[in-house]
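The values are calculated or read from the model by the stated rules, or taken from the named source; none is laboratory data. Note that the structure is predicted; figures quoted are calculated from it, not measured. Quick reminder, even Gly has a Cβ in these numbers, built from the backbone with ideal geometry, and neighbours come from all protein chains shown. Surface areas here come from the heavy atoms of the whole protein model, side chains and all, with no ligands, DNA or RNA. Shrake-Rupley method; radii C 1.70, N 1.55, O 1.52, S 1.80 Å.
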Amino acid sequence: MNEIRLSNLQPPFISGVDNSASEIWFNKVSFLRGKNCLLSAASGAGKTTLFACLFGERKNFKGNIFFDLSNISTFGDREWNVVRRNFISHVFQDLRLFDELTVIENIGLKNCLTRHKRKEDIRLMLEKAGIADKAGERVEHLSWGQKQRVAIIRALCQPFDFLLLDEPFSHLDRDNIAIMTGIIGEEITARGAGLIICSLGDEHGFEYQQKIRI
Amino acid sequence: MRNSFIHLKLLRQNVSPIQAFAYFIASLTGVIVLLAGFCFSQDIRPLFRSGEGGISRKELFTINKQVKSGIWGKSNTAFTEKEIEEISRQPFVRSTHRFMQSHFEVYAWINFGMGQTNLGTEMFFESVPDECLENLSPEWRWDVDGKQIPILIPRDYVNLYNFGFAGSQGLPQISEGLMREITFNVRLTGNGLQEIFKGRIAGFSTDLNTILVPETFLRWANSRFGENDDGKTTRIIVEVKNPADMGITEFFASKPDYVIARNKGESGKLAFFLNLLISAILAVGAMILLPSTLMMILSINLLIYKSEKILGNLLLLGYRRWSLIMPYCAAVIFLNLSVGGFGLWIVSLVQSLYEPRLRALGIDDFSGSFTATAIFALLFMLSVSLLDILWIKRKINNILTTS
């Protein structure tokens, strides 16, 4: 998948926020594979909603979203399944980790679908992220910052052409953000993937070819 | 744990072992009652399939109307065509046949030889179609040119003579075999003609309380000697599909002026009550199973409601919908088949308890009924599982259908 194109997309809710200055809503926008894009906005502008639409979680929007030439409104279960396994990976703002499972089980839950990473690769990423010692611990016992790192590693354990990150570093200090952007940067470069990151304003050290205000 | 099974750990965590156990016990109770009732009904079927001994082993009984106002009254005991048609239409009836009566004088006697007194009596003949009779001897045959008439008499007559008349009068008892050897003279008179034939006992009937001759003979004899044939039918012979059919009792309960003589004596009534008993057992089984199935459906609702977030997140991670539905379905099938298997085992124990009693009644094959019960159990539990599976699919689809 090389392009995600939004055409006159309208948010599926009336937020009360003034959308007239938005470069996403009611506009034409393209995200390209191999390019990094920063989406910045204040809270409540619809960043998470946009990702929910791009990931097939919300379908009650108006306007069109195209993955290459395919309009996603025609997608059924099977198509979304292929997209979520192979083309788009997503770090959710609320992480969507399973508290009752260990760190390694949470990551394995994703990795077993495509067997994209070997055990050693996962172990190496955990070490880089500084949470290798938490591998066997239940996620409910981790801090939010540690959970964010687990969620990012989980998202990297699958093939993708686009990586969606929804405020992924909100609970990380500068050093850890640098480590995580390093891991993410290596992965997207190796795959030639596109990055779409939502942020309240911080740029997090990535190099962006596209900056869009929501 | 292998990575591919991690999602099962998640799906399993909201399963309540107590609810599953309660369902197991409740449905097991219902299934045992249902299967035991079914198995017993299969086991006792041979009791109603045919009579014992006798010539006619079919499910026959005769119907006539009650004589209401005495012999000389105006009581009309003939069946109208409409009434016969109504009886034939009943779902429990396989076929109806009419009794044919002789419309000429019949006199039978035995000649004991020169100088001896003849022993004779006035009598009558009736006939029914041969298909109402079974195990007919080769002697049950009449040729137009022949002078010998084969006759079936009720076995009761023989018993009446041997154990009643002969004993009281100091006469010798006669075996059935000897009776078959005796020939006697039969004189038919009517229509200005008179002819003498040889009569011979061709068999004994336990079912039809009349003196029978072949229908072909009686038709011929009526056409030759018959007088005053009004063509009316006063007795009907009915072959039923299943003598234990409750429809029989219900139908005749609505016809109080019909008198029924069942060929199996009281077996029809017995069959009726046994059927009623088995129906009651099956109903009790169903009454237990209905709430247990509802309990399962409510448990499924609760389980899926509690797992809503897990299911939604797994779908977003890229898990296929069927891979989320299948573990629940497999668990339900396993649970139901365990109930069925365990229930069957207990029913086999129950069967071994009543088996000796049924053997005393002449039933000796129990394997067929157990196989039928096993097939019934399998089909039943699969049907219940199918219901559960459809419900699981529906509930999961409902919660996974996003806005």
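When the helices (runs of 4 or more DSSP H) confined to the stretch B:118-223 are screened for residues that are over 39 Å from the mean Cα position of the chain (by Cα), those reaching at least 2 such residues are found at B:166-169. When A:H116 is tested against (1) touching a Pro at 6+ places or on another chain (Cβ under 9 Å); (2) farther than 19 Å from A:P168 by Cα; (3) modelled with pLDDT of 95 or more, only condition (3) is not met. Of the residues B:G170, B:G164, the single one that is out of contact with any Pro (no Cβ under 8 Å at 6 or more places or on another chain), loosely packed, with under 13 Cβ neighbours inside 10 Å and on the phi > 0 side of the Ramachandran plot is B:G170. For the stretch B:289-335, taking the residues that are touching a Leu at 6+ places or on another chain (Cβ under 6 Å) and within 24 Å of B:I18 (Cβ to Cβ), the one that is farthest from the other protein chains (Cβ to nearest Cβ) is identified as B:P327. The test for being open to solvent by less than 50 Å² (accessible area, probe 1.4 Å), more than 14 Å from chain A (Cβ to nearest Cβ), under 30 Å from A:I88 (Cα atoms) and touching a helix residue (DSSP H, G or I) at 6+ places or on another chain (Cβ under 7 Å) does not hold for B:I346.
Out of all the residues in the stretch A:20-76, which are within 14 Å of another protein chain (Cβ to nearest Cβ), assigned to a loop (DSSP other than H, G, I, E, B) and of a type in the set (K, R)?
If the condition is that a residue be within 14 Å of another protein chain (Cβ to nearest Cβ), assigned to a loop (DSSP other than H, G, I, E, B) and of a type in the set (K, R), then A:R58, A:K59 are the ones that fit.
As a summary of the residue check, A:I104 satisfies the conditions (1) within 24 Å of B:R321 (Cα to Cα); (2) of a type outside the set (S, T, Y); (3) more than 11 Å from every other protein chain (Cβ to nearest Cβ) except for the one numbered (3). When the stretch A:87-101 is filtered for residues that are open to solvent by 30 Å² or more (accessible area, probe 1.4 Å) and either facing chain B (nearest Cβ under 8 Å) or out of contact with any helix residue (DSSP H, G or I) (no Cβ under 7 Å at 6 or more places or on another chain) (or both), the ones remaining, listed by number, are A:F87, A:D94, A:R96, A:E100. Scan the stretch B:175-182 and tell me whether some residue there is surrounded by 17 or more Cβ atoms within 10 Å (Cβ to Cβ) and in contact (Cβ under 8 Å) with a residue 60 or more places away in the chain. Scanning the stretch B:175-182 turns up no residue that is surrounded by 17 or more Cβ atoms within 10 Å (Cβ to Cβ) and in contact (Cβ under 8 Å) with a residue 60 or more places away in the chain. Any idea which of B:R394, B:R359 is exposed (fewer than 14 other Cβ atoms within 10 Å of the Cβ) and over 36 Å from the mean Cα position of the chain (by Cα)? Within the list B:R394, B:R359, the selection yields B:R394.
Quick check on my filter: what residues within the stretch A:108-140 are more than 9 Å from chain B (Cβ to nearest Cβ) and among the aliphatic types (A, V, I, L, M)?
Hits for the stretch A:108-140 are A:I122, A:L124, A:M125, A:L126, A:A129, A:I131, A:A132, A:A135, A:V139.
Yes/no matrix, rows are residues, columns are (1) surrounded by fewer than 21 Cβ atoms within 10 Å (Cβ to Cβ); (2) of a type in the set (S, T, N, Q); (3) within 18 Å of A:K35 (Cβ to Cβ):
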| position | (1), (2), (3) |
| --- | --- |
| A:L163 | no, no, yes |
| A:R174 | yes, no, no |
| A:I177 | yes, no, no |
| A:A190 | yes, no, yes |
| A:A193 | no, no, yes |
| A:I196 | no, no, yes |
| A:G201 | yes, no, no |
| A:Q209 | yes, yes, yes |
| A:R213 | yes, no, yes |
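Just one residue in the set B:L133, B:L188, B:L152, B:L193 is exposed (fewer than 15 other Cβ atoms within 10 Å of the Cβ) and either in contact with a strand residue (DSSP E or B) (Cβ under 9 Å, 6 or more places away or on another chain) or in the same structural domain as B:T210 (by TED's automatic domain parsing) (or both); that residue is B:L193. Inclusion of B:T210 among residues that are surrounded by 12 or more Cβ atoms within 10 Å (Cβ to Cβ), in contact with a Gly (Cβ under 8 Å, 6 or more places away or on another chain) and of a type outside the set (D, E, K, R) is not warranted.
A:L164 meets each of the listed conditions (1) touching a Leu at 6+ places or on another chain (Cβ under 6 Å); (2) part of a strand (DSSP E or B) apart from (1). Among residues of the stretch B:10-31 that are under 25 Å from B:S307 (Cα atoms), those with a Cβ under 6 angstrom from a residue that is exposed (fewer than 15 other Cβ atoms within 10 Å of the Cβ), sequence gap 6+ or separate chain, pair up as B:N14/B:K306. On the phi < 0 side of the Ramachandran plot and open to solvent by 80 Å² or more (accessible area, probe 1.4 Å): is that true of B:R321 in this structure? Here the answer is no, as B:R321 does not meet what is asked. Taken together, B:S88, B:S95 contain a single residue that is under 27 Å from the mean Cα position of the chain (by Cα), among the polar types (S, T, N, Q) and part of a strand (DSSP E or B), which is B:S95. Here are B:V128, B:V158: which of them is in the same structural domain as B:L212 (by TED's automatic domain parsing) and in contact (Cβ under 8 Å) with a residue 60 or more places away in the chain? Only one candidate passes the filter, namely B:V128.
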